[in-house]
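As structure tokens, the structure follows; a few thoughts come after it.
The values are calculated or read from the model by the stated rules, or taken from the named source; none is laboratory data. Only a predicted model underlies this, so the values are computations on that prediction, with no experimental measurement involved. No Cβ is skipped: glycine too gets one built from the backbone with ideal geometry, and neighbour counts run over all protein chains shown. Accessible surface is based on the protein model in full, side chains and every heavy atom, while ligands, DNA and RNA are left aside. Shrake-Rupley method; radii C 1.70, N 1.55, O 1.52, S 1.80 Å.
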Amino acid sequence: MKAIITIIAVAALASVPLWLRDPYLLNALITTGIFVIGAMSLNLLLGFTGQLSLGHIAFFGIGAYVSALTSLGFDIGLPGGLRLVHTPWPPIAGFVLAIVIAGLCGYFVGLLSFRVRGAYFVIVTISFAEVVRLVALNWVELTQGPLALTNIPSIALPLPGLSELTLRTKMQNYYLVLVVALIAYLLIARLVHSHFGRAMRGLMENETLAVSVGIDVTRTLTIAAVISAAIAGAAGSLYAHYIRIIDPEVFAFINTVTMVIMVISGGKGSLAGPVVGGLIFGLLPVALRPVMAPEAQWIAYGGVLIAILFVLPRGIVPSLAQRFGRRRSRATALASVTLAETAAKEPA
Amino acid sequence: MTARNIAMTIDQVAVRFGGLVAISDMSFTVGEGEIVSLIGPNGAGKTTAFNVMTGFLTPSAGRVTYRNTALAGLKPHEIADLGLIRTFQRTSVFPNDTVYDNLLIGLHRQGRVRLLDAILGLPGARASERKLRQRASELLEWVGLERRAHDAAGSLSYGEQRLVGVALALAAEPSMLLLDEPVSGMNASETHRFVELIRSIRDRGITILLVEHDMPMVMTVSDRIVVLNYGRIIAEGTPDVIRNDPAVIEAYLGHGAGRA
Ligand SMILES: Nc1ncnc2c1ncn2[C@@H]1O[C@H](COP(=O)(O)OP(=O)(O)O)[C@@H](O)[C@H]1O
Ligand SMILES: [Mg+2]
């Protein structure tokens, strides 16, 4: 059943560029897809470990800048009169480096904040995003500051035996984003259904009990943070090479909020949740554009989010799955939630 | 007592919470394969002692050694890795997961695979998964929860949840098991079956330290009993010795209660 839905959904998404010719809509779908990848990565932390990264856009932005700078090259002065010169590398190398460096940043943020969690993690991630934004804004020699990095090359795929294929058209970029999104989805699915996913689940449900059977909190959360940040970095790289211009505004808090809304509305802790929530909130601006000023749209977002959570309190995917679900009756689900809360309040 | 190898040594442990002395100068040992009970009135410091032994609490003084490893400074998961596993006095399960999935989480120590193997679904990781599932089924059968395998742990009766808690601890492959009031909330027949379970756990070579209020049960299963009162050990010995110890009778029955 689940497999059939997945196959139909993937086939439907893959068919879109074959019948949708409108470049404006295709563009909206591509940027939405990029944000869906970001939302999936956020969900790995928020939905599967319960940690809220309110600076998640930092990893996305770092991926974007790393990838852009790798493919544009730079020439900067270092202390002591030295210069660091980097000649441009192919964008695909930028994509890989974006993943690696964003993942490393995830590691350090995790290391800093996972000893004391909860609110502390939220604050560390927000501050991290702000610090990175200030660096991007003020290290003009490297990032051009508010003037933006421009003319970022499109991704080019090296084809064996042939010359490179540069992805210039919307259709090509659409498929690139779709493929990366599918890989990210599969990776997260594998992870949460593995030994590591069970450790994350255990920690989220009952940390005291989880550590008593040998689960290492710091290690488990750090693994989740690294993978989450790396995927966000990949999304940022796609963004930079598709939009081809990037400025410090990419780090704006509102971009994290957008991802959080995508995850919460679709259903945190569900694999498909961020995809569904992401498509709705990614495409909502397209639907609202003819009828509303951009400033008013945020109010509409809020309204839609509240309406969704009012009707489907656990988010679209989990709530619907439960409504059409098998075994577990409403009563058991409620009872277990209450018990979980009691357990959480009472340490051993 | 026969000469056994010592599994755990508690040496002059003291715990203070602000002005309150929860444990003072506690010393005793538990031998390999032994069933030792730690008893005493409510508030005597039994759970606190468990918290110290499993790294959830740092003692104000003294040290605990398990199989020649000093536990000072080790985190709970590191102590679990030594094979020293506890259960909790308050019901403690993963409530939203099925009983079967609870055990899979409990099997964490057996299931360690490399991250990349797990993500790529390599044969090593898949074989490990099969082994875990096999082991979870065996554990369910051992504790008698097969029929509940696919129910959410949070939806079980109180007594059954206590059993899930023990099964979870067993999943972690203990060499020594600390049980904190395991039969509280169980009915008579559940308690009776639990006594059988404790014996079968011991028969597999697992050392047991038991905290329990059910005196008939304590007297039947224990090799040795340590009695705590107000954080101090007031008696220690075989069930027969403890039964007739005046200090113990005083502690349990001396507060104006009628003599049995
Ligand atoms: N975390 C804590 N903070 C303050 N006091 C505590 C704490 N844990 C236990 N105590 C106190 O320590 C004493 C021993 O408690 P406990 O070990 O739970 O007793 P028992 O398990 O023998 O009933 C009690 O007086 C209890 O109130
Ligand atoms: Mg207690």
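Summary table below
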{"read-out": "Selected residue (only one of B:90, B:109, B:114 is surrounded by 18 or more Cβ atoms within 10 Å (Cβ to Cβ), of a type in the set (D, E, K, R) and touching a helix residue (DSSP H, G or I) at 6+ places or on another chain (Cβ under 8 Å))", "value": "B:109"}
{"read-out": "Pairs where the first residue, in segment B:51-75, is more than 19 Å from residue A:211 (Cα to Cα) and the second is of a type outside the set (A, V, I, L, M) and open to solvent by less than 40 Å² (accessible area, probe 1.4 Å), C-beta under 8 Å, 6+ apart", "value": "B:67/B:83; B:67/B:175"}
{"read-out": "Odd one out for residue A:84, checked against (1) modelled with pLDDT under 95; (2) part of a helix (DSSP H, G or I)", "value": "(2)"}
{"read-out": "Options B:96, B:51, B:102; residue that is within 16 Å of ligand 1 (Cβ to nearest atom) and buried (at least 17 other Cβ atoms within 10 Å of the Cβ)", "value": "B:51"}
{"read-out": "Qualifying positions in segment B:212-233 - more than 13 Å from ligand 1 (Cβ to nearest atom), open to solvent by less than 40 Å² (accessible area, probe 1.4 Å) and closer than 19 Å to residue B:7 by Cβ", "value": "B:221, B:222, B:224, B:225"}
{"read-out": "Segment A:69-124, residues that are polar (S, T, N, Q) and either under 19 Å from residue A:143 (Cα atoms) or open to solvent by 70 Å² or more (accessible area, probe 1.4 Å) (or both)", "value": "A:70, A:71, A:87"}
{"read-out": "Number of the condition not met by residue B:60 [criteria: (1) within 16 Å of ligand 1 (Cβ to nearest atom); (2) open to solvent by less than 50 Å² (accessible area, probe 1.4 Å); (3) among the hydroxyl-bearing types (Ser, Thr, Tyr)]", "value": "(2)"}
{"read-out": "Of residues in segment B:194-211 being farther than 14 Å from residue B:87 by Cβ and part of a helix (DSSP H, G or I), the one farthest from ligand 1 (Cβ to nearest atom)", "value": "B:203"}
{"read-out": "Residue check for residue A:284: surrounded by 13 or more Cβ atoms within 10 Å (Cβ to Cβ) and either within 13 Å of chain B (Cβ to nearest Cβ) or modelled with pLDDT under 90 (or both)", "value": "no"}
{"read-out": "Number of the exception - residue B:24 against (1) among the hydroxyl-bearing types (Ser, Thr, Tyr); (2) within 8 Å of ligand 1 (Cβ to nearest atom); (3) over 23 Å from residue A:209 (Cβ atoms)", "value": "(2)"}
{"read-out": "Positions within segment A:83-100 being in contact with a Pro (Cβ under 8 Å, 6 or more places away or on another chain) and aliphatic (A, V, I, L, M), in sequence order", "value": "A:92"}
{"read-out": "Test: residue in segment A:205-225 that is under 30 Å from residue A:140 (Cβ atoms) and either within 9 Å of chain B (Cβ to nearest Cβ) or among the charged types (D, E, K, R) (or both)", "value": "no"}
{"read-out": "Boolean, residue B:15 is over 22 Å from residue A:214 (Cα atoms), more than 12 Å from ligand 1 (Cβ to nearest atom) and open to solvent by less than 10 Å² (accessible area, probe 1.4 Å)", "value": "no"}
{"read-out": "Residue B:140 in contact with a Lys or Arg (Cβ under 7 Å, 6 or more places away or on another chain) and at pLDDT 95 or above", "value": "no"}
{"read-out": "Meets criteria (in contact (Cβ under 8 Å) with a residue 12 or more places away in the chain and within 15 Å of ligand 1 (Cβ to nearest atom)) for residue B:236", "value": "no"}
